[in-house]
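Here the structure is laid out as structure tokens; the discussion comes afterwards.
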Amino acid sequence: MIVLVTGMMRTGTSLVAKQLHLMGVPMGTTMRFPQAKANGQDDWEDIEFTDMMLNRLMGIDDSDREDFGLRVKQYELSRDGVPVWGVKSPFALPYVTALREAFEDVVKVVMTTRDIEQAYRSLDQQQLGLREIQYQLHSFIDKVSPDLVIDIEESWHSPSTVEQKLQELIWA
């Protein structure tokens, strides 16, 4: 099983990915983090997967659907032999359907949410260039059929509930 964590940036994707990691779900093979960033947060992103999604989103990768699917399958082979593993990338939000098709295994999609204005405001001065990407990602929110939706604001008040929901999704 593959657990895909996605949602707009600044909505808690890193928090959920970290929780999955702590639950024993490997979140990548070449991690950009978990070393802490300047703001003390962790990203828990696999470099290869995140870059693949970002390049597609930015139009740098304009390959057809079949070639994109093959690239995703090659990534999956790097995780061969691991029965349950995860990936996290906000940039994967527009490609949930394509990823479900490419990963012929069971893909469980966890989408994080947050009040849109809060997500925009949480971008610091160095991240303001990401606002355009945020708007683009937001347009895909209603087009995704997630297996689990986690509202990051609620999770701050009840982290054990988030862990319980993730356990039910993965181990049920």
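Please treat every number below as a calculation from the coordinates, not as lab data. Values in this document were obtained by computation on a predicted structure and should not be read as measured data. Neighbour counts run over all protein chains shown; Cβ positions are idealised from the backbone, glycine included.
Within the chain, how many Lys pairs sit with Cα atoms under 21 Å apart, leaving out pairs fewer than 8 places apart on the same chain?
For the chain, the number of qualifying lysine pairs is 12.
How much length is gained if the chain between A172 and H138 is pulled fully straight, taking 0.36 nm per residue apart and subtracting their Cα-Cα distance, in nm to one decimal?
So the extension gain works out to 9.2 nm.
Arranged from highest to lowest average of other beta-carbon atoms within 10 Å per residue, in what order do the peptides 16-28, 135-147 appear?
By packing density, highest mean first, the sequence is 16-28, 135-147.
According to the Cα gyration tensor, what semi-axes, each the square root of 5 times an eigenvalue, does the equivalent ellipsoid of the chain have, listed from largest to smallest in whole Å? Mind dumping the intermediate values first?
Numbers: eigenvalues 99, 83, 47 Å².
Output for the chain: semi-axes of 22, 20, 15 Å.
Roughly how many debye, to the nearest 20, is the charge dipole of the chain about its Cα centre, given +1 on each Lys and Arg Cβ, -1 on each Asp and Glu Cβ, and no other charges?
Dipole about the Cα centre, nearest 20: 260 debye.
Which stretch or stretches of the stretch 1-33 have amide N atoms under 14 Å from the point lying 7 Å from D147's Cα along the Cα→Cβ direction?
Once the point is set 7 Å along Cα→Cβ of D147, 1-6, 20, 25-26 turn out to lie under 14 Å by backbone N, inside the stretch 1-33.
Can you tell me the FRET efficiency between Q164 and Q74 if r is taken as the Cβ-Cβ distance and R0 is 35 Å, rounded to the nearest 0.05? Walk me through the intermediate numbers first.
Values: r = 35 Å, r/R0 = 0.99.
It comes out at approximately 0.50.
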